[in-house]
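A.B. asks: Just dropping this structure here.
The values are calculated or read from the model by the stated rules, or taken from the named source; none is laboratory data. Keep in mind that this is a model prediction, so the values were computed, not measured. Please note: Cβ atoms are built from the backbone with ideal geometry, for glycine as well, and neighbour counts cover all protein chains shown.
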């Protein structure tokens, strides 16, 4: 859990989420400066909430490089998308899944460093992973991903459990990250590709029973 | 205002709001893990905002029992609702009203303990009482309760004024709680049953006048 | 950047945004107490987020006069609007633009006082300027202004760049404020009047090309 690892993970996560936010703005035909606002909120929202909850300095104020890389990734996406007219939803889902997985790991680690227990650390990972995308969906008036019957928060939870398991058996730190990253991205993309879903409630069945 | 009272009130409020959040997820047929996210946000959102505003440690991080009881109440609701197919909107409104009233009281008390004046304490009570439900409604794309022409924030305000009045005449602490709790729950449920509403603006009347 | 200037700017900004929030409630026919909640969130939301991010005491808790002037402006609007049935969207846009411009300046200044660099200060100005209105639009289920193809966040950005330029050439403090205020209000209202807009993406053009 060295500071360099953390910074690299963070900059990667921020860049992926910036691209995902800018691509959603493109998909929704937000043609003005609003696309920068949406992409910035997506990239920084989850980590900002995590730092507020843990009462730490906000990461992009303490380390402005995060803010600069957000703006750079957004501007780069805006330019590149002009020459790649066939960019579509698939790229959005891919970068969104990787960004979410990286943020999930950063949330867990920053909580553990702050001295919380594992249940709170996993909760903080999910918060960091899904909150930016949740605000983005609310602002863009999309049905939030977390409300759809697809693994999203649960992909973060699974990645968090893998992290906790590997952390407990004390494998090398890099394997905690890779294991968690792979689990979250695999579950998220796999579910979208093969249509996996997790059903807790089955309201319709009850309705049918009572008919 | 002893710590034990406070903890009991808090755990009760968190449990009621967890149940209310899970029942709304059930009503809206959110079948996946999203229901846990929605119920957790509902249960912890208002108190989290209160602690952020008052610059106190977030209650469910400082005292993880709150987080555990949130998860326990959500899981219990998910299991019980399978055997109670006729659970309906009425139960949701009841537990939501009690949760809101308890959170209103906790918001007022935590603000007063922090040394704020009564106007800010009542504002903080309303914030604690309505904010979790407001985020829940926004995520679930419901018309927020606070926007409907029913006592909601105003039920919290009335409960807050009763608390302030009883607090000022220095009756025993338990009566401040019970008086405020009864006022808020009575106004909220009474209004839903008998159709009371509070009208500040009457835009239609003006329109008719100017026709 | 004296404290008196700051307080006057702040009270003006809060009052303008309270009026804008109450007028939107009137337009949307929110007839109950919800209009007070919406107007309060509009008036205090942006500055509250700024203070949370900068880890400063929340301005309306540290200086309750802001909260009192919010409530006073809301109550005054509610009363006056009864005798001014022809109040319309134009007044709303005017007070909203002035409130946004004042909040933009306050955000920049409070960040600079906290010792941040200019990029973060301008980001904080935009946050303070648009966040209250953004929450208001989300709660009222309006398409957020920031999503429409009109200068909104970009009017704040322009005002921030003017502030930064005048600040750098060390003109008298009052000119930084007036220059930024005029720029933001002029861009916002001018764009609405003359239909200016800023286009970053042109999705339709790409679509046509690929047809």
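A.B. asks: Please list, ordered by residue number, the helices (runs of 4 or more DSSP H) wholly in the stretch B:116-205 having 1 or more residues that are within 14 Å of another protein chain (Cβ to nearest Cβ), out of contact with any helix residue (DSSP H, G or I) (no Cβ under 6 Å at 6 or more places or on another chain) and closer than 27 Å to residue B:52 by Cβ.
C.D. replies: Qualifying helices (runs of 4 or more DSSP H): B:118-139, B:153-168.
A.B. asks: So which residues in the stretch B:27-57 are more than 19 Å from residue A:54 (Cβ to Cβ), in contact (Cβ under 8 Å) with a residue 60 or more places away in the chain and surrounded by fewer than 22 Cβ atoms within 10 Å (Cβ to Cβ), if there are any at all?
C.D. replies: If the condition is that a residue be more than 19 Å from residue A:54 (Cβ to Cβ), in contact (Cβ under 8 Å) with a residue 60 or more places away in the chain and surrounded by fewer than 22 Cβ atoms within 10 Å (Cβ to Cβ), then B:27, B:28 are the ones that fit.
A.B. asks: Now a separate question. For the stretch C:68-83, how many residues meet the condition of being under 25 Å from residue C:153 (Cα atoms) and facing another protein chain (nearest Cβ under 9 Å)?
C.D. replies: Residues flagged as under 25 Å from residue C:153 (Cα atoms) and facing another protein chain (nearest Cβ under 9 Å) within the stretch C:68-83 amount to 0.
A.B. asks: Can I ask one more? Just the residues that are at pLDDT 90 or above and in a loop (DSSP other than H, G, I, E, B), please, taken from the stretch C:64-103.
C.D. replies: Scanning the stretch C:64-103 gives a single hit, C:64.
A.B. asks: Which numbered condition in (1) surrounded by fewer than 22 Cβ atoms within 10 Å (Cβ to Cβ); (2) modelled with pLDDT of 85 or more is the only one that residue A:109 fails?
C.D. replies: For residue A:109, the failing item is (1).
A.B. asks: Also, quick follow-up: Sort out which residues of the stretch A:1-45 are within 19 Å of residue C:153 (Cβ to Cβ) and in a loop (DSSP other than H, G, I, E, B), and write them in order of number.
C.D. replies: Within the stretch A:1-45, A:28, A:29, A:30, A:31, A:32, A:33 qualify.
A.B. asks: For the stretch C:58-67, how many residues are more than 7 Å from every other protein chain (Cβ to nearest Cβ) and surrounded by fewer than 24 Cβ atoms within 10 Å (Cβ to Cβ)?
C.D. replies: Matching residues across the stretch C:58-67 total 5.
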